[in-house]
Amino acid sequence: MSLNIGEPPVMRKSGSFALFALGFRPFFLAAGLSALVLLGLWLAFWQGVVPAKGYFTLVEWHAHEMLFGYASAVIAGFLLTAVKNWTGMAVPTGRLLVIISSVWLLGRVLVVTPGAPQWLVAAVDLAFIPLVGWSLWRPLWHGQNRVNRMFLLIFAGMTLANLLVHLDVMGVARNLWPRGAYLMVDMVLLVLLLVAGRVVPFFTEKAVPGARSTVRPWVEKGTFISMVIAAGAELALPHGPVAGAALLAAALIQGVRLAGWYHPGVWRVPILWVLHVGYAWLVLGLTLRGLSGFGVLLPSVALHAITVGGIGVLTLGMMSRVALGHTGRNINDTGPFIPVAFVLLNLGAVMRVFGPWLAPQQFNLWINIAGGLWMLAFLLFALVYTPILIRPRIDGRPG
């Protein structure tokens, strides 16, 4: 296929391998497999079964890879697919998509390669997000919806977050990697808030007869204003009352937003309730992060409510739904195993957030249980969706 992303991709109807036909395919597969492998390695490192050697310390590696490895893969896969629908303009496919995917994979390998030159690790890892942004800048900037330009600013914020992490690890500056990690969390949240506002009410109305979502302009504006203020406060004055107040305001607005989308019928559709529950985890996580700014609880408790509960559950639901829709399948037919994965991941989030909080003396037990449930959930996803992601659409259409 041509590297010219300004032209529509030419798809062949023949063949049985379509992994690089559209962005969701390689990156959802990479996200699902990395979620499984990264947590398995993390537990092995944590228990001392495998010696932790490489670019990062143990905690740094875990935080970095779940954010800049797993979450960035999901975001890349979603935007490299959705932007085409939003704008009607071409997105990377074929060889260019292979290159972008390879940069992501090489970054994951280098950070755990003992003796790899620091400059090389940092350069490759830092290149991925700007590469995705560059490949999408034309449709995002020139498309009719100017709100899409915000994604380019978010890519810049993600790159800054990663740069802060690498500057700290390389010894150029000190105490920057926690700020970089939290900035990345907030950039991921901004993406999820943008995307969820477009798809969750639409999905709800489409899947539930009689459902009518309430979308309030002041809530939509407040969603992003409050989150940007919270991200800036957290970066400048981390874990303090200023950031805490901003995060509590953001949580309140998100609670109102979610309530406007809700309909009791969502519980009949697994691919729908998982999105609502994942968004509820974001509301809870923002609330807990706000409270942690006032010293009510440890920031790590709130952080995992957002990352495992919010980001984990919401992205698993989004990947499941998008992969079905973009391969020509019934979006409501998840089969018997994926709803089990949704339940397992939510149970893992409960264990990770509330277990150490209520019984800190059993911390290792909670970590192992939560990690095991996370791995089981993504194992089911990988088993079900790998054949779907690598094979052509069942309706014969391109993509």
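Among rounded, prolate and oblate, which fits region 55-116 when a ≥ b ≥ c are the square roots of the eigenvalues of its C-alpha gyration tensor, a/c under 1.5 means rounded, and a/b larger than b/c means prolate?
Details: a/c = 5.91, a/b = 2.03, b/c = 2.92.
Since a/c reaches 1.5 but b/c is at least a/b, the shape of region 55-116 is classed as oblate.
Which of rounded, prolate or oblate describes region 79-171 when judged by the alpha-carbon gyration tensor and an a/c cut-off of 1.5?
Working: a/c = 4.00, a/b = 1.79, b/c = 2.23.
Oblate, because a/c is 1.5 or more while a/b does not exceed b/c.
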(message) For a quick check of understanding: with a 1.4 angstrom probe and all protein chains in place, what accessible area in square angstrom does ARG95 have, to the nearest ten?
(response) 140 Å²
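Could you work out the local net charge near LEU167, counting Lys and Arg as +1, Asp and Glu as -1, over the other residues with Cβ closer than 15 Å to its Cβ?
Values: positive: ARG174, ARG179; negative: GLU60, ASP125, ASP168.
With Lys, Arg at +1 and Asp, Glu at -1, the net is -1.
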(request) Calculate, in nm to one decimal, what LEU19 and ARG149 gain on full extension: separation in residues at 0.36 nm each, minus their alpha carbon distance. (result) 44.0 nm
(request) Keeping all protein chains in position, work out how much accessible area ASP333 exposes to a 1.4 Å probe, and write it in Å² to the nearest 10. (result) 100 Å²
(request) Round to the nearest 0.05 the FRET efficiency obtained for GLN362 and ALA44 when R0 = 25 Å and r is the Cβ-Cβ distance. (result) 0.80
(request) Calculate the spin-label point distance for TRP141 paired with VAL242, positioning each point 7 Å from the Cα along the beta-carbon direction, and give it in nanometres. (result) 3.3 nm
(message) Charges at C-beta only: +1 for Lys and Arg, -1 for Asp and Glu. How large is the resulting dipole of the chain about its Cα centre, in Debye rounded to 20?
(response) 940 debye
(request) Compute the Cα gyration tensor for the chain, then decide on rounded, prolate or oblate, letting a ≥ b ≥ c be the square roots of its eigenvalues: rounded whenever a/c is under 1.5, prolate when a/b is larger than b/c in the other cases, and oblate in all that remain. (result) rounded
(message) Suppose accessible area is computed on protein heavy atoms with a 1.4 Å probe; arrange ILE229, ILE388, ILE369 from highest to lowest.
(response) ILE229, ILE369, ILE388
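The values are calculated or read from the model by the stated rules, or taken from the named source; none is laboratory data. Given the structure is predicted, the values throughout are model-derived calculations rather than measurements. Heads up, the Cβs are rebuilt from the backbone with ideal geometry, glycines too, and the neighbour counts pull from every protein chain shown. Ligands, DNA and RNA are stripped out before the accessible areas are found, and what is left, the full protein with its side chains, is counted by its heavy atoms. Shrake-Rupley method; radii C 1.70, N 1.55, O 1.52, S 1.80 Å.
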